[in-house]
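The values are calculated or read from the model by the stated rules, or taken from the named source; none is laboratory data. Keep in mind the model is a prediction, meaning the values are calculated, not measured. Quick reminder, even Gly has a Cβ in these numbers, built from the backbone with ideal geometry, and neighbours come from all protein chains shown. Please note that ligands, DNA and RNA were not included when accessible areas were found on the heavy atoms of the full protein model with its side chains. Shrake-Rupley method; radii C 1.70, N 1.55, O 1.52, S 1.80 Å.
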Amino acid sequence: MKILLAGATGVVGRRLIPLLVQAGHEVAGTTRRSERAGPLRDLGAAPVVVDVLDAAAVREVVAAERPDAVIHQLTDLSDEDFEANSQLRIEGTRNLVDAARAEGVETMIAQSIAWLYVAGDAPAVETDPLDAALPPYAGVAALEAAVGEMPRGVVLRYGALYGPGTWYAPDGAIAERVRAGTMRPAPSWTSFVHADDAASAALAALDWPAGAVNVVDDEPATTADWLPVYSAAIGAPDPGNAGKHAATMGRPVSNAKALDLGWKPQVASWRTGFSQSSAAANGSGAKADGTGSDGSRVNGAARTR
């Protein structure tokens, strides 16, 4: 198939291109910056320079590339600008969906998030409601609704991405906060997924039916559980404890549907994943200023417009 990968230079996109190529797909990958065209070619994708917030430009790209499917991995979090990321989810997704439908594209796979469910104790499944009171809701709801207009739109509700190149990398934004002592254990739920497994799910989703799918590992955990393990993995001091009477927040997330569809996380738990990621980062080639070999940030989620 011909795949248009929007957000090809991001944490997931960079991992996904080789998987798509190895599976026999032809890949065109978008980037907003011309200097990132070379690294995309090196990974096996034909680079397409476009700002996805420019609706006319997106229509021209989709018309020219004539993809069989669009994979949407766009984020704008390099500066932790959550309003910009919400705008990208709303306007960027709208532009991609409108352009794809105009050209008769039937399939779109899109990145969403798994930590927006209404709080509770039982693991959340895809039919459970999202919490409209949480700040990311407007952008996520708009993204998922737009993708739902596609003849076959698959929404990947990723857990918290970790691994080299993410905020949880040893040189990432979360690691900086942990070393500074500004993150403390708390009984709030997190469901993680290694970025490699997030990419493998995007590849597998080309064969999945329409709908939302939680893409998380096998072990949801509270901050009180994972933070001491993470701190040890990055060589940070023990963070202490949250106290005995704090109320649990958030919701664990189930990956049962993804497992039924045939996906399986290669890193089944953050317990082993944190130590593996730390070891990988030591030989990853990241520069002292926190940039990778292509100049993109590796200490947080990349800007992938």
Review point. What spacing in nm lies between the two simple spin-label points modelled at residue 149 and residue 35, each 7 Å away from Cα in the Cβ direction?
Key: 3.5 nm
Study note, to complete from the structure: Of every hundred units of 1.4 Å-probe accessible area on the chain, the number belonging to carbon and sulfur atoms, as a percent, is 51 percent
Review point. Per residue of the chain, what 222 nm ellipticity follows from adding -39500 (n - 2.57) for every DSSP H run with n ≥ 4, rounded to the nearest 500?
Key: -9500 deg cm²/dmol
Practice item. For helix 223-233, report the angle its Cα long axis makes with the longest principal axis of the Cα atoms of the chain; keep it between 0 and 90° and round to the nearest 10°. Key: 90 degrees
Study note, to complete from the structure: Ordering 93, 190 by the accessible surface of their heavy atoms, 1.4 Å probe, largest first, yields 190, 93
Point to revise | Whole-number percent relative contact order across region 84-203, with pairs defined as alpha carbons under 8 Å at least 6 apart | key: 29 percent
Revision key, fill the gap. Here, residue 64 and residue 132, labelled 7 Å along Cα→Cβ, have an inter-label distance in nm of 4.1 nm
Check your understanding: For region 172-237, what is the largest minus smallest coordinate of the Cα atoms on each principal axis, given in angstrom and ordered from greatest to least?
Key -> 44, 22, 16
Point to revise | For region 11-78, convex hull volume per residue from C-alpha positions, Å³ | key: 89 Å³
Check your understanding: By how many nm would the segment from residue 269 to residue 46 grow when fully extended, if each residue of separation counts as 0.36 nm and the alpha-carbon distance is taken off?
Key -> 76.9 nm
Review point. Quick one: accessible area per residue over region 124-166, 1.4 Å probe, rounded to a whole number of Å²?
Key: 36 Å²
Check your understanding: How big is D, in µm² s⁻¹, for region 136-261 by Stokes-Einstein at 25 °C and 0.890 mPa s if Rh is the Kirkwood radius over C-alpha pairs?
Key -> 152 µm²/s
Review point. For the chain, what number results from the quotient of the Cα radius of gyration and 2.2 N^0.38 Å?
Key: 0.96
Review point. How much length is gained on full extension from residue 218 to residue 54, taking 0.36 nm per residue of separation minus their Cα-Cα distance?
Key: 55.1 nm
Exercise for review: Kindly provide log₁₀ I(q)/I(0) values, in the same order as q = 0.11, 0.14 Å⁻¹, from the Debye equation applied to equal alpha-carbon scatterers of region 52-170.
Suggested key: -0.40, -0.63
Study note, to complete from the structure: Neighbours of residue 185 by Cβ distance under 11 Å: Lys/Arg at +1, Asp/Glu at -1, summed charge -1
Exercise for review: Run the quick spin-label model on residue 102 and residue 83: label points 7 Å from Cα toward the beta carbon, then report their separation in nm to one decimal.
Suggested key: 2.9 nm
Review point. If you roll a 1.4 Å probe over the heavy atoms of the protein chains, what accessible area per residue do you get for region 17-108, in Å²?
Key: 46 Å²
